[in-house]
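Report on the following structure.
Every number here is computed from the coordinates shown, using simple stated rules; none is lab data. These numbers were taken from a predicted model, which means no experiment stands behind them. A quick note on method: Cβ atoms are made from the backbone with ideal geometry, for glycine too, and the neighbour counts reach across all protein chains shown.
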Amino acid sequence: MAMQRASAPWAAWLLVPAVLWLLADRSGADGGGPSLAERVIWAVNAGGEAHTDMHGIHFKKDPLEGKLGKASDYGVRLPILRSSPEDQVLYQTERYNEDTFGYEVPIREEGDYILVMKYAEVYFAQSQQKVFDVRLNGHVVVKDLDIFERVGHSTAHDEIVPFSIRRGKLSVQGEVSTFNGKLTVEFVKGYYDNPKVCALYVMKGTLDNVPKLQPHPGLEKREVVEEEDEEEDPEVAEESGKKSTSAAPKNRVQSGPRTPNPYAADNSSLMFPILVAFGVFIPTLFCLCRL
């Protein structure tokens, strides 16, 4: 009994770090600042109903319903990898359009912001079937987005775009333009199928404040390989490139089918007329000699 009573205080002390971690996590990502849900100024579940996710972010019902584009819930029949079960609906529904479409987000205050767009490819089973751009107030912030090529089928993928607003100017990816109080997010029609989005939100803060998707072993392995390729010594890469036939970028979107090599054709058909000519010429020459 004495040993049990003595060990009780030690057990309580072991719980202290876990309690402190939970309190710090709930108090905000920057330690005592606003929570993630409080940072979000606008959120929409595209093509779907209102939903509050595990972080407390309230995604409102799609305001474009019945006005522009088409809503689809084709993905509800599929489990979405990298997403928590309670938030898979954010990736299972979507809005698409046969032409460029978008949303307007009112922003009243200056500061640093993050645009988060949620995607999952639930229909196509190969790359170069759906490729489109994303514009932010006319600035192309995502070029040639091919969701399947990025993460595969029925897998959550977030596109994260930081931007800032100061003194009536919008700054994003090194470009600056006049800001009139409205942020226009456009999904631009490309050559491959229709542009779409599953969900999106705008929040105040920096990249450190954005929650990450669950890990995916296959994607992590590919990202590590790509990082190793980028860090490889240029001289070594040049030498190995001479021996390798896979020097083309992995994420390159081809503009069309390959052009056939005109020198790779079979030349045996060119010999047939020559052989026929010899076959006719030799008997004729023989007959002339006999005359």
Rank-order 130-143, 170-183, 194-207 by packing density, defined as the average count of other C-beta atoms within 10 Å over each peptide's residues, highest first. 194-207, 130-143, 170-183
Full-extension gain between residue 76 and residue 50, please, as 0.36 nm times their residue separation minus the C-alpha to C-alpha distance. 7.8 nm
Figure the gain on full extension for residue 178 and residue 65 (residue separation times 0.36 nm, minus the Cα-Cα span) and round it to one decimal in nm. 37.7 nm
Using the Karplus curve 6.51 cos²θ - 1.76 cosθ + 1.60 with θ = phi - 60°, what ³J(HN,Hα) values do you get for each residue of segment 64-74, in whole Hz, with x for Gly and Pro? 8, 4, x, 10, 8, x, 10, 8, 9, 10, 4
Extending each Cα 7 Å along its Cβ direction at residue 208 and residue 282, get the distance between those two points in nm, one decimal. 8.8 nm
Between the modelled labels at residue 166 and residue 126 (7 Å from Cα along Cα→Cβ) the distance in nm is 4.8 nm
First measure r as the distance between the Cβ atoms of residue 35 and residue 192, then evaluate 1/(1 + (r/R0)^6) with R0 = 45 Å and state the FRET efficiency to the nearest 0.05. 0.70
Take the Cα pairs of segment 34-130, get the Kirkwood Rh, then feed it into Stokes-Einstein at 10 °C and 1.306 mPa s and tell me D in µm²/s. 107 µm²/s
